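Colleague: Mind looking over this structure? Questions follow.
The values are calculated or read from the model by the stated rules, or taken from the named source; none is laboratory data. Since we're looking at a predicted model, the values are computed, not measured. All Cβ positions, even for glycine, are placed from backbone atoms using ideal geometry, and neighbour counts span all protein chains on display.
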Amino acid sequence: MKILIKGHFIALAIAAVLMTGCATVDPYTGEKKTSNAAKGAGLGALSGALLGALTNKDDRGKGALIGAAAGGAVGGGIGYYMDRQEAVLRQRLEGSGVRVQRIGDEIKLIMPGNITFDSGRTDLKTQFYSTLDSVAIVINEFNKTRVLVDGHTDSTGGADLNQRLSESRAGSVGRYLVSQQVASGRVYIAGYGPRNPVADNSTVSGRAMNRRVELTLRSL
């Protein structure tokens, strides 16, 4: 029992070091923040340590150390990979009208309808090509990323029409990325019509926000 407890505390110590060692200060707020890579490494270390302690019955403390090191490498690797990708995307898409949102180990690129498509149309605006070119360059650089392309509409018009419109717009974005050398096996296309609003459909501004294409980037 003492050995198991020792291994447990070793794991907690490793996780704490990994999480605090990569803390940074937000230049705008002065708030101390921990990077997603550090969080992933800490959680991976803790999980790995517990598993290592359980599986190495002869020396649970040693098992915890080995498991923590392996788990931290895996967890931190994904977080670091997505951190780098997020930084490049924010730089490339600054001023484009595309919103970059980080949720855990996922990155969302939110593309409002007013900059991607004309009203009721499914062919991309030519002005938006350069923005998608930038997205494709980054996706090709980070070649262990899969891309979920989701189309969304507001609630005006018939349900069938909106569903087809959302699918067609997502398809247009997906096909353009493939035309820019993004492997088709990494691109997944879906349309959701008006089912996932992000704003109030009873207002003009709300409907404009709901008409969008979202790219969700995940590690393979």
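Colleague: Sort through Ser184, Ser155, Ser172, Ser179 and tell me the only one that's within 18 Å of Ile110 (Cβ to Cβ) and of a type in the set (Ser, Thr, Tyr). Quick ask: steps written out before the conclusion?
Modeller: Working: Ser184 fails: within 18 Å of Ile110 (Cβ to Cβ); Ser155 fails: within 18 Å of Ile110 (Cβ to Cβ); Ser179 fails: within 18 Å of Ile110 (Cβ to Cβ).
Answer to the check: Ser172.
Colleague: Let me ask something else. Please give the strands (runs of 3 or more DSSP E) falling wholly within region 97-162 in which 3 or more residues are without any contact (Cβ under 8 Å) to a residue 40 or more places away in the chain. Can you show your working first?
Modeller: On the way: elements: 99-103, 106-112, 145-152.
Result: 99-103.
Colleague: Something else about it: Arg99: within 28 Å of Gly191 (Cα to Cα), of a type outside the set (Ser, Thr, Tyr) and modelled with pLDDT under 95, yes or no?
Modeller: On the way: within 28 Å of Gly191 (Cα to Cα): yes; of a type outside the set (Ser, Thr, Tyr): yes; modelled with pLDDT under 95: no.
So Arg99 does not fit the description; no.
Colleague: Quick one: in region 138-164, which of the residues that are among the acidic types (Asp, Glu) and surrounded by fewer than 19 Cβ atoms within 10 Å (Cβ to Cβ) is nearest to Val88 (Cα to Cα)? Spell out how you get there, then give the answer.
Modeller: Quick first cut of region 138-164, residues among the acidic types (Asp, Glu) only: 141, 150, 154, 160.
Okay, now just the ones that are also surrounded by fewer than 19 Cβ atoms within 10 Å (Cβ to Cβ), so 141, 160.
Values: Glu141: 10, Asp160: 38 Å.
Of everything passing the filter in region 138-164, Glu141 is nearest to Val88 (Cα to Cα).
Colleague: Go through (1) farther than 19 Å from Phe117 by Cα; (2) out of contact with any Lys or Arg (no Cβ under 7 Å at 6 or more places or on another chain); (3) surrounded by fewer than 16 Cβ atoms within 10 Å (Cβ to Cβ) one by one and return the number of the condition Leu220 breaks.
Modeller: Of everything listed in (1) farther than 19 Å from Phe117 by Cα; (2) out of contact with any Lys or Arg (no Cβ under 7 Å at 6 or more places or on another chain); (3) surrounded by fewer than 16 Cβ atoms within 10 Å (Cβ to Cβ), Leu220 misses just condition (2).
Colleague: Let me ask something else. Within region 113-131, is even one residue of a type in the set (D, E, K, R), surrounded by fewer than 18 Cβ atoms within 10 Å (Cβ to Cβ) and within 20 Å of Val204 (Cα to Cα)?
Modeller: Pass one, region 113-131, residues of a type in the set (D, E, K, R): 118, 121, 123, 125.
Still in the running and surrounded by fewer than 18 Cβ atoms within 10 Å (Cβ to Cβ): 118, 121, 123, 125.
From what is left, the residues that are within 20 Å of Val204 (Cα to Cα) are 118, 121.
Yes, region 113-131 contains a residue that is of a type in the set (D, E, K, R), surrounded by fewer than 18 Cβ atoms within 10 Å (Cβ to Cβ) and within 20 Å of Val204 (Cα to Cα).
Colleague: Right, something else. Looking at Asp118, Asp150, Asp160, Asp133, can you tell me which residue is farther than 26 Å from Tyr81 by Cβ and either within 21 Å of the chain's Cα centre (by Cα) or at pLDDT 95 or above (or both)?
Modeller: Numbers: Asp118 fails: either within 21 Å of the chain's Cα centre (by Cα) or at pLDDT 95 or above (or both); Asp150 fails: farther than 26 Å from Tyr81 by Cβ; Asp133 fails: farther than 26 Å from Tyr81 by Cβ.
So the residue among Asp118, Asp150, Asp160, Asp133 that is farther than 26 Å from Tyr81 by Cβ and either within 21 Å of the chain's Cα centre (by Cα) or at pLDDT 95 or above (or both) is Asp160.
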